[in-house]
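First the structure, in the form of structure tokens, and then the observations on it.
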Amino acid sequence: MKLRFLAFLLAIFTAAGAFADARFGITGTVEWDTLQIKTAISLDLLSAGIRLPSGRTQGETLLSSGYVNLIRPGILGLQVDSSSVIADLINRGEFSLAEVENLALAAHSIPPALSPDMLNISTSYTICLSGVSSALLRSTRPSPVMRTLNPISTAQYTGIIIIASENLPIHGMRSSALPVPCLFPKIWDTEMNLIYERNMLETRDTSMVRYAPRQNIFQNNPSGLTPELAEVVGTRPLRIFASGVFGIKPTDLIIDRSDALLIISSEENRRLLSQGRVAIILDESVLRYYFSR
């Protein structure tokens, strides 16, 4: 047992010495439709001075050590809301690099594997964006969803789908933009009343919204929804077309006041917001972001 422990420590210290010269590679995808960051990490064994088969443990240790540094830029660049990425939160003291590291270490990984030519060793990691949003939610008590003094008669829905898959007018500007995803989008009505925002969620364990491409609401079944989308919004959701976008980045949606009244006129429908039973349909081109190094 002592010999194994000493061998493990030797592998760590040897890996640390080789780290500076080792050539790493990373390819990754931010998948807003699945709420995941998927990455593949590779290490050039020759650049690290590692010889097989004796050096495999050292290679695996070095690969694991390099992961956090490699994935950090991908996490820092995540769009939090219309005005901030995670790096902005750190600069403002609202989040820390230690918390970023915790998010990286919470990823699911697969065992490292050698390439067919035995020149590289690689592994993959998956980070759940729902875990990222949970870490960023600071409020302990949910804010109330907006009510109206003049409620209208409305059906009871199982969820809310907002369709925003085309260029939309930007509020206050004479231009349009294709809406893009973020962790915490806001929803406004055409009178610029705030209908939905992050602090209205009842629990930190629920993603604020789910994103999906247009084809996910045109399936060949009674609801027209994919099973994954129906799990979020049910089989009888309210379907709304966004009428505009708002914010520094076009992440926040504007819906017609008449549609907003269908939501806020009943306790049951207001609860759909606080439970995160909201889906936003976006153009497929904005739902996945690729990065590499």
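FYI, it's all coordinate maths here, none of it is from the lab. All figures in this text were calculated on a predicted structure; none of them were measured in a lab. Using ideal geometry, Cβ is built from the backbone for each residue, glycine included, and neighbour counts are taken over all protein chains shown.
In terms of surrounding Cβ atoms within a 10 Å radius of their Cβ, ILE217, ILE41 rank from fewest to most as ILE217, ILE41.
Per-residue ellipticity at 222 nm, computed for the chain from helices alone with -39500 (n - 2.57) per DSSP H run of at least four residues, works out to -8500 deg cm²/dmol.
Shape analysis of the stretch 160-290 places it in the rounded category; the axes a ≥ b ≥ c from the Cα gyration tensor give an a/c below 1.5.
Only helices reaching 20 angstrom along their own axis (Cα) with mean Kyte-Doolittle hydropathy no lower than -0.5 count here, and for the DSSP H runs of the chain these are 2-19, 56-76.
For the stretch 192-293, chymotrypsin sites (Phe, Trp or Tyr not before Pro) are listed when DSSP marks them as loop and at most 13 other Cβ atoms sit within 10 Å of their Cβ; the list is PHE218.
Each of CYS182, CYS128 has some number of other Cβ atoms within 10 Å of its Cβ, and from fewest to most they run CYS128, CYS182. Which whole-number percent is the relative contact order of the chain (Cα, under 8 Å, 6+ apart)? It comes to 24 percent, rounded to a whole number.
As a proxy for reagent exposure, ranking SER139, SER109 by other Cβ atoms within 10 Å from fewest up yields SER139, SER109.
In vacuum, with every alpha carbon of the chain counted as one equal point scatterer, what does the Debye formula give for log10 I(q)/I(0) at q = 0.08, 0.09 Å⁻¹? Two decimals, please. Treating every Cα as an identical point scatterer, log10 I(q)/I(0) equals -0.44, -0.54.
Taking a ≥ b ≥ c as the square roots of the eigenvalues of the alpha carbon gyration tensor, the stretch 78-157 is prolate, as a/c is not under 1.5 and a/b beats b/c. With contacts taken as Cα pairs under 8 Å and at least 6 residues apart, the stretch 26-97 reaches a relative contact order of 17 percent. Within the stretch 10-136, the proportion of Cα pairs with more than 25 Å between them is 31 percent.
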